[in-house]
Amino acid sequence: MRTLFRAGALSAVAASAVLCLPAAAHATAPGDNGTVKIHDSATGEELRRNEPHVCTFYLDAFGFDRAQQVDWHIEVWAPTAGVKGETVRSGALTLDGEGHGRTADLTLPDGHYKLFWNFAGEKGSAKHKVFWTDCGEDETAPSPSASVSASESASGSGSGSEAPDETPAAEAAPSASPSPQGGEGDLAETGNGAPVGLLSAAAAALLGAGGYLVLRRRRA
């Protein structure tokens, strides 16, 4: 009986172990249960959405082990490039008590990159994300050529507006030269010429008459 009892107990233990194997096989190993996202600098940390097209960005981690140590680096990863794997940015990070953490804001030249996220306790390969940076140029800013054209147009319109003001002034000068007073002065001189001559003649006659009377009295 004891032998049968022991055999039954051993069988139960073995069966329990066999039943637990699938659950253990599918359990996530410590350290591999988190995820990392690429976020635009204007995106909140709480948003668990990846943004593969960014300008200024940061790395945002969720669901890792508490206070887990992370080492990360970013490599150039252009699809058509013959050589990949040049590291252009790297850093380290300690996650908080909830397995969350973020880097400071980062910038890279426009291009195609791949993030490698390594952490203590990882099983297998690092977590990674492929993304693009594309800041472009500000379309609202005027180009230098446009600014030059605008300034030339403004200067040209200014000179054109001054020309009509000068032309009438130049044309008005000859018409203003004959003075009305001058004309009237000529007529006054011509009109006054006759009275002056008559007065001169009368004065000469009077002088002659006076002289004649004086000589006559002396002779008398």
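Some observations on this one:
- Any hit, segment 19-35, residues being within 33 Å of the chain's Cα centre (by Cα) and modelled with pLDDT of 90 or more: no
- Look at segment 33-61: where a residue is within 19 Å of Asp134 (Cα to Cα) and hydrophobic (A, V, I, L, M, F, W, C) and a partner is part of a strand (DSSP E or B) and open to solvent by 50 Å² or more (accessible area, probe 1.4 Å), sitting 6+ places away or on another chain with Cβ atoms under 8 Å, you get Val54/Trp132; Leu59/Arg102.
- Restricted to segment 32-58, and to residues there that are in a loop (DSSP other than H, G, I, E, B) and of a type in the set (Ser, Thr, Tyr), the residue that is surrounded by the most Cβ atoms within 10 Å (Cβ to Cβ) is Thr43.
- Among residues of segment 81-107 that are free of Cβ contacts under 8 Å to residues at least 24 places away in the same chain and open to solvent by less than 70 Å² (accessible area, probe 1.4 Å), those with a beta-carbon under 8 Å from a residue that is of a type in the set (Phe, Trp, Tyr) and in a strand (DSSP E or B) at least six positions away or on a different chain give the pairs Gly91/Trp72.
- Ala61 modelled with pLDDT under 90, in contact with a strand residue (DSSP E or B) (Cβ under 6 Å, 6 or more places away or on another chain), hydrophobic (A, V, I, L, M, F, W, C) and surrounded by 13 or more Cβ atoms within 10 Å (Cβ to Cβ): no
- Test result for Ala67, part of a loop (DSSP other than H, G, I, E, B), within 32 Å of the chain's Cα centre (by Cα) and either over 20 Å from Gly124 (Cβ atoms) or at pLDDT 55 or above (or both): no
The values are calculated or read from the model by the stated rules, or taken from the named source; none is laboratory data. The shown structure was predicted, so the numbers you read here are calculated from the model rather than taken from an experiment. As a convention, Cβ positions derive from the backbone with ideal geometry for all residues, glycine included, and neighbour counts pool all protein chains shown. Side chains included, ligands, DNA and RNA excluded: accessible areas come from the protein's heavy atoms. Shrake-Rupley method; radii C 1.70, N 1.55, O 1.52, S 1.80 Å.
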